[in-house]
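The values are calculated or read from the model by the stated rules, or taken from the named source; none is laboratory data. Note that the structure is predicted; figures quoted are calculated from it, not measured. Heads up, the Cβs are rebuilt from the backbone with ideal geometry, glycines too, and the neighbour counts pull from every protein chain shown. When the accessible area is computed, the model is the full protein with side chains, heavy atoms only, and any ligands, DNA or RNA have been set aside. Shrake-Rupley method; radii C 1.70, N 1.55, O 1.52, S 1.80 Å.
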Amino acid sequence: MSYAGPGFEPPQPPGSPRSLLRRPLAVALAVLVVSGSGGWLVWQAFADDGGDGKGRVEFSGEYVPLSPTMYPGDPATTPAAPLTGKVVVVDPGHNPGNFKHTAEINRKVDIGTNSKECDTTGTATNSGYTEAEFTLDVARRLRTVLEQQGATVKFTQDGDRTPDRAFGPCVDERARIGNVARADAVVSIHADGSSAGNRGFHVILPGAVHEGDADTRPIVASSKVLGEDIKDGFVRETGSAPSNYIGDGTGLDTRTDLGGLNLSTVPKVFIECGNMRDSADVALLTSGTWREKAAQGISEGIVSFLRGS
């Protein structure tokens, strides 16, 4: 088969002017990828007849290191997850076992400003879906998302405390867990039990407290940033509006009467994800799809806070 077209030239006799002109340009390049050595081995073959019609071939070899992008997925070159090296403590509010341990959770503990009950049962919907069930479900979803982002996640409780302590922990212990872990961020997950018609979520921030064992002054500013970031992430993912009954529409509320905040020495906030006594909010809180969005929104806020810290 023959071919004649653009770029095609018949062979030229040795010594012809066109052959002489083309002689220095005869170059053959072979590339061998040597994956095990982490580089490219390049061989070049140069052909030249030296003007006497006798072909001579010279080889040169060169090792060229690979750039990081040449090995996608290589652990040595893959960027770290955004929360690698960060510790996040997740505090699922209350405990499903609190209902059976009323005497224990009614015991008073010191929260710095005064004494308060160890814990409470939390609220529930009219149909019996408890706040403690809700908080554990959202917390577990949140843990999955945060761990995918590279964070080390610790729980204050996972519904698995020993039989003789199948309640709580108390609010002072919840704060201590975050402090001992030297958490980069702590979020306590809750749902409210307000009147019907009161809708929306709000994030609770620690106020300035300096009394007894409580000194929130070092964490007030950072906790506010954490709370604002979580509020923004929660709105984006869930589409929920800030509370219409607390926080004047800001979605933020500052308090100095919560032991879990007063005794914290690391950035910490509470989030009340909705009102379990309002039917419209209940339709959201009892939806697994919505709870997944809630976990995503809280995670977004934590990631934003920790990347900026």
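Against the test of being open to solvent by 60 Å² or more (accessible area, probe 1.4 Å), under 19 Å from the mean Cα position of the chain (by Cα) and farther than 17 Å from V138 by Cα, the options R307, R277 yield a single qualifying residue, R307. Within region 237-249, not a single residue is of a type outside the set (S, T, Y) and open to solvent by less than 10 Å² (accessible area, probe 1.4 Å). Return the residues of region 110-132 that are touching a helix residue (DSSP H, G or I) at 6+ places or on another chain (Cβ under 8 Å), of a type outside the set (S, T, N, Q) and either in a loop (DSSP other than H, G, I, E, B) or surrounded by 17 or more Cβ atoms within 10 Å (Cβ to Cβ) (or both); say none if nothing qualifies. I111, G112, K116, C118, D119, G122, A124, Y129, A132 - these are the residues of region 110-132 that are touching a helix residue (DSSP H, G or I) at 6+ places or on another chain (Cβ under 8 Å), of a type outside the set (S, T, N, Q) and either in a loop (DSSP other than H, G, I, E, B) or surrounded by 17 or more Cβ atoms within 10 Å (Cβ to Cβ) (or both).
Rundown of residues vs (1) open to solvent by 30 Å² or more (accessible area, probe 1.4 Å); (2) modelled with pLDDT of 95 or more; (3) farther than 27 Å from A124 by Cα; (4) among the aromatic types (F, W, Y), yes/no style:
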position	(1), (2), (3), (4)
D172	yes, yes, no, no
I177	yes, yes, no, no
V209	no, yes, yes, no
G227	no, yes, no, no
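When A221, A181 are checked against the criterion of being under 20 Å from the mean Cα position of the chain (by Cα) and closer than 23 Å to G308 by Cβ, A181 stands alone in meeting it.
Considering only residues in region 289-302 that are in contact with a Lys or Arg (Cβ under 9 Å, 6 or more places away or on another chain) and open to solvent by 10 Å² or more (accessible area, probe 1.4 Å), the one that is farthest from Q148 (Cα to Cα) turns out to be R291. Only residues that are in contact (Cβ under 8 Å) with a residue 40 or more places away in the chain, in contact with a strand residue (DSSP E or B) (Cβ under 7 Å, 6 or more places away or on another chain) and among the basic types (K, R) were counted in region 108-147, giving 2.
Residues that are farther than 23 Å from V153 by Cβ and free of Cβ contacts under 8 Å to residues at least 12 places away in the same chain within region 260-304 comprise A283, S287, listed in sequence order.
Considering (1) closer than 30 Å to R307 by Cα; (2) open to solvent by less than 20 Å² (accessible area, probe 1.4 Å); (3) assigned to a loop (DSSP other than H, G, I, E, B), the lone condition that G150 does not fulfil carries the number (2).
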